[in-house]
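What follows is one structure encoded as C-alpha cells, with my remarks underneath.
The values are calculated or read from the model by the stated rules, or taken from the named source; none is laboratory data. In this text the structure is predicted, and so the values were computed from the model without any measurement. Don't worry about glycine lacking a Cβ; one is built from the backbone with ideal geometry, like all the others, and counts go over all protein chains shown.
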C-alpha cells in the first residue's frame, strides 16, 4: 500500500481551507510546512506542522508527496501593465 503525504506549503489565509478540503477527501498524512518554525514537528488536530529542515528528512518515509499552495493574481499580472503605462505616458517605448 502506497503511503502519500499531502503537504501544504506555508501558513497563510488559505491553510485552514486546504486542511478542511483534504480532510473531507479522507486524506491522511496532512502536513503543513511552517517556514518560520525551527523546532521539532508537532501534531495539532491530526495535522503535522513541521519546519523545512525537518520535512527534508521526514518526506523520505512517503512513497508520494503531493504539494498544495495558493497563488494569487492581481490586476495587471496578465502582462498588460506595460501597455497601461505606455497609454498614460509613464513608460517610454
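Take residue 41 and decide whether it is at pLDDT below 95 and surrounded by 14 or more Cβ atoms within 10 Å (Cβ to Cβ).
Details: at pLDDT below 95: yes; surrounded by 14 or more Cβ atoms within 10 Å (Cβ to Cβ): yes.
It is true that residue 41 is at pLDDT below 95 and surrounded by 14 or more Cβ atoms within 10 Å (Cβ to Cβ).
Each residue in region 1-50 was checked for being under 20 Å from residue 72 (Cα atoms), in a strand (DSSP E or B) and without any contact (Cβ under 8 Å) to a residue 60 or more places away in the chain, and 2 of them qualify. Considering region 26-36, and only residues there that are in contact with a strand residue (DSSP E or B) (Cβ under 9 Å, 6 or more places away or on another chain) and exposed (fewer than 15 other Cβ atoms within 10 Å of the Cβ), the residue that is nearest to residue 47 (Cα to Cα) turns out to be 28. Within region 70-91, is even one residue outside any strand (DSSP E or B), surrounded by 10 or more Cβ atoms within 10 Å (Cβ to Cβ), modelled with pLDDT of 65 or more and out of contact with any helix residue (DSSP H, G or I) (no Cβ under 6 Å at 6 or more places or on another chain)? Yes: one or more hits.
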